[in-house]
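Novice: First the structure, which I've put down as structure tokens, then a few questions once you've had a look.
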Amino acid sequence: MSTCAIKSLMLCGLLFLAGNTAYAQNATTEEEVAARIRNSTHKNFISLAVENDSIGGGTDRFYTSGVRASWFNVNTPVPPMIDEIADRIPTFDLNETTSTLFTLGQNIYTPEDIRIRTNQDNDRPWAAFLYGSVGLATIENNHIDELEVTLGVVGPEALGEQAQKFIHRHVTDSSIPQGWDNQLDFEPGLILSGQRRWPDALYADIGEDFRFSIQPNVNFSLGNVYSYLGSGLTFTFGPYQDRFQDTPPRVRPSMPGTGFFEVPDQGWSWYLFAGLDGRLVGRNIFLDGNTFSDSHSVDKKYLVGDASAGVAFTLGDYRLSYAINTRSKEFDDQDGNSVYGSMTLSTRF
């Protein structure tokens, strides 16, 4: 899907939001959601998200792998460091719904042809990012605010070469990547990210059994790894009684959910979700190259769009989701969009 096509779809979605009067606003009040969080018997949600082009586009290039393990801790004390940062962010308020999110992850990026040993001047750099994050999610009025601080490393210390070669030798039995000697140099990474979501800005109850909702968001990241401003829409459809569940955790710059979900009386459930996101990119170290040293780089595109669609199944205290994603071209001379799959397994206790 091209950037223009994604922009057009997002514009259509925004016009739909503004003009379709068949939908009501504020489907779930802050008080209702807050009460569910306070009274929840399950305070911990563990999720493992795996994103890979081999389970989406059947390729091995560009953004080729992302792994994110997260622990969402509902209605618990906020870490002091994050508390101090949150106090300095305008419009971000801590209250009885505030929950914490801890994450460990690794992203891997390669040129189109991983069999070439020499540096490829017209293709993206070899790079990996190993990181940890601490975040907050809080409900205020009719929206959810999220704030996340990420610390990590780029370069050989991010272990991208070791991880990719291990997977290729022992899991996928595919070509061994040859160009890791050309990867970006060591650099510590710091990112401050945030987003605001309106979970039920517009919705429609379909009979007594189903609900369709539209969730707009605005988001940002600021740091030497990523700096961008973004906005998007998330669409969900599922049983009415299971409307209190969040989208699965994702790997940034895709907009991650918290992984929160409830289980209905029958012990199982499902829902469909789709999303459109666009970003105005100021910095992307995986295209711009190292900040403090000379390294390979390419001319990035400043406007990048994502489109995704997926399904989630819940059984007891477990939820499994899969989504197919396409990302528009991120740099000049890129041969096609990035297409990758996202699979997330979550449990609660």
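The values are calculated or read from the model by the stated rules, or taken from the named source; none is laboratory data. Remember, predicted model here, so these are calculated numbers, not experimental data. Glycine gets a Cβ as well: all are built from the backbone with ideal geometry, and neighbour counts include every protein chain shown.
Novice: Taking only pairs six or more apart or across chains, which ones have beta-carbon atoms under 7 Å, a first residue in segment 95-114 that is in a strand (DSSP E or B), and a second residue that is of a type in the set (K, R)?
Specialist: Listed pairs, sorted by first residue: T103/R68; G105/R68; Y109/R124; T110/R61.
Novice: Could you list, in sequence order, all residues of segment 252-276 that are outside any loop (DSSP other than H, G, I, E, B) and either surrounded by fewer than 19 Cβ atoms within 10 Å (Cβ to Cβ) or in contact with a helix residue (DSSP H, G or I) (Cβ under 6 Å, 6 or more places away or on another chain) (or both)?
Specialist: The first filter runs over segment 252-276 and keeps only residues outside any loop (DSSP other than H, G, I, E, B), leaving 268-276.
Within segment 252-276, W268, S269, W270, L272, A274, L276 qualify.
Novice: Here's another thing I want to ask about it. Can you give me the number of residues within segment 45-67 that are in contact with a Phe, Trp or Tyr (Cβ under 9 Å, 6 or more places away or on another chain) and either assigned to a strand (DSSP E or B) or within 27 Å of N95 (Cβ to Cβ) (or both)?
Specialist: 10
Novice: Next up: Given the options G135, G160, G155, name the one that is within 18 Å of R196 (Cα to Cα), crowded, with 16+ Cβ neighbours inside 10 Å and small (G, A, S).
Specialist: On the way: G160 fails: within 18 Å of R196 (Cα to Cα); G155 fails: within 18 Å of R196 (Cα to Cα).
Every option except G135 fails the conditions.
Novice: Can you pull out every residue in segment 51-78 that is modelled with pLDDT under 95, under 22 Å from Q164 (Cα atoms) and either hydrophobic (A, V, I, L, M, F, W, C) or surrounded by fewer than 15 Cβ atoms within 10 Å (Cβ to Cβ) (or both)?
Specialist: Correct list: I55, G58, F62.
Novice: Next question, about the same structure. What do you reckon, is E112 more than 23 Å from R250 (Cβ to Cβ) and touching a strand residue (DSSP E or B) at 6+ places or on another chain (Cβ under 9 Å)? Write out each step before concluding.
Specialist: Numbers: more than 23 Å from R250 (Cβ to Cβ): yes; touching a strand residue (DSSP E or B) at 6+ places or on another chain (Cβ under 9 Å): yes.
Yes; evaluated as a whole, the condition is true for this residue.
Novice: Sort out which residues of segment 275-309 are farther than 20 Å from Y228 by Cα and at pLDDT 95 or above, and write them in order of number.
Specialist: Taking segment 275-309 first, the residues farther than 20 Å from Y228 by Cα are 293-296, 309.
Answer for segment 275-309, where residues must be farther than 20 Å from Y228 by Cα and at pLDDT 95 or above: S295, H296, A309.
Novice: Further, regarding this structure: May I ask you to list pairs of residues, at least six apart or on different chains, whose Cβ atoms are under 6 Å apart, with the first in segment 283-297 being within 8 Å of L184 (Cα to Cα) and the second being surrounded by fewer than 19 Cβ atoms within 10 Å (Cβ to Cβ) and hydroxyl-bearing (S, T, Y)?
Specialist: The qualifying pairs are G289/S297.
Novice: Can you tell me which residues in segment 235-251 are in contact with a Phe, Trp or Tyr (Cβ under 7 Å, 6 or more places away or on another chain) and either outside any loop (DSSP other than H, G, I, E, B) or modelled with pLDDT of 85 or more (or both)? Lay out the reasoning, then the answer.
Specialist: First, the residues of segment 235-251 that are in contact with a Phe, Trp or Tyr (Cβ under 7 Å, 6 or more places away or on another chain): 235-240, 242, 245-247.
The answer is F235, T236, F237, G238, P239, Y240, D242, D246, T247.
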